[in-house]
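The values are calculated or read from the model by the stated rules, or taken from the named source; none is laboratory data. Everything quoted here is computed from the prediction, not taken from an experiment. Ideal geometry is used to build each Cβ from the backbone, glycine not excepted, and the neighbour counts take in all protein chains shown.
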């Protein structure tokens, strides 16, 4: 799991969330043939999502903890309130995040700000789905048969795009998030995401009961 260096900005902790979609606007840019080919290869050939951890104990701890948290983050969302759908969504987010080389906790934070886990969300700027992907990416990447309102497709696009921005910004999360929102260099959007991370999605050791009855804590902050 990638460790993030968050910039602490004044007023970050005071930001409040609403269920309104954050109307960001990713900027369409001309891509080189190499970048386009790389992004295209990241989108095609989807694989059945599965949790990516070095052992089942970590996987179970992460899924249980995130499932309990997600119910509180989006209590009125039908996709979240159904146990099977909620767990399938979380597995997809963790898998696609790791596949793209991103921290799943960061991706959960982005989704919290972008759509509050509403898979049908459409912003005033035209961004679609759970990660609010701008439709021009379908054309840019050359994946014309992809439906951005499909949850896994949208998450795969969102993670691929965010990773692209992370690479452009040499790993600087602040500026990469700004690009994702179309507001590079401005603190508002990164602050929202960092606040969501700190408020809802920071990793924490999970207490479990071992077979011998002893209490133990499982740290899932690293997939290894």
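Couple of notes before you dig in:
- Residues of the range 31-53 that are at pLDDT 75 or above, surrounded by 11 or more Cβ atoms within 10 Å (Cβ to Cβ) and assigned to a loop (DSSP other than H, G, I, E, B): 44, 49, 50, 51, 52, 53.
- Annotation: of all residues in the range 131-167 being out of contact with any helix residue (DSSP H, G or I) (no Cβ under 7 Å at 6 or more places or on another chain) and farther than 15 Å from residue 40 by Cα, the one that is surrounded by the most Cβ atoms within 10 Å (Cβ to Cβ) is 134.
- Looking across the range 199-221, not a single residue is over 25 Å from residue 103 (Cα atoms) and surrounded by 11 or more Cβ atoms within 10 Å (Cβ to Cβ).
- Among the residues of this structure, residue 171 counts as one that is at pLDDT 95 or above and either exposed (fewer than 13 other Cβ atoms within 10 Å of the Cβ) or in contact with a strand residue (DSSP E or B) (Cβ under 6 Å, 6 or more places away or on another chain) (or both).
- Condition met for residue 180 (in contact with a helix residue (DSSP H, G or I) (Cβ under 7 Å, 6 or more places away or on another chain), part of a helix (DSSP H, G or I), touching a residue at least 40 places away in the same chain (Cβ under 8 Å) and under 21 Å from residue 41 (Cα atoms)): yes
- All positions within the range 75-90 that are crowded, with 20+ Cβ neighbours inside 10 Å, farther than 18 Å from residue 222 by Cβ and within 16 Å of the chain's Cα centre (by Cα): 80, 86, 89
- Entry remark, the range 180-198: residues being under 15 Å from the mean Cα position of the chain (by Cα), modelled with pLDDT of 95 or more and surrounded by 15 or more Cβ atoms within 10 Å (Cβ to Cβ) number 9 in total.
- Residue 63 farther than 19 Å from residue 129 by Cα, in a loop (DSSP other than H, G, I, E, B), at pLDDT 95 or above and touching a helix residue (DSSP H, G or I) at 6+ places or on another chain (Cβ under 9 Å): no
- Restricting 125, 143 to those that are under 15 Å from residue 39 (Cβ atoms), touching a residue at least 40 places away in the same chain (Cβ under 8 Å) and not in a helix (DSSP H, G or I) reduces the list to 143.
- Subset of the range 69-117 [assigned to a loop (DSSP other than H, G, I, E, B), touching a helix residue (DSSP H, G or I) at 6+ places or on another chain (Cβ under 8 Å), touching a residue at least 40 places away in the same chain (Cβ under 8 Å) and over 19 Å from residue 48 (Cα atoms)]: 74, 103, 116, 117
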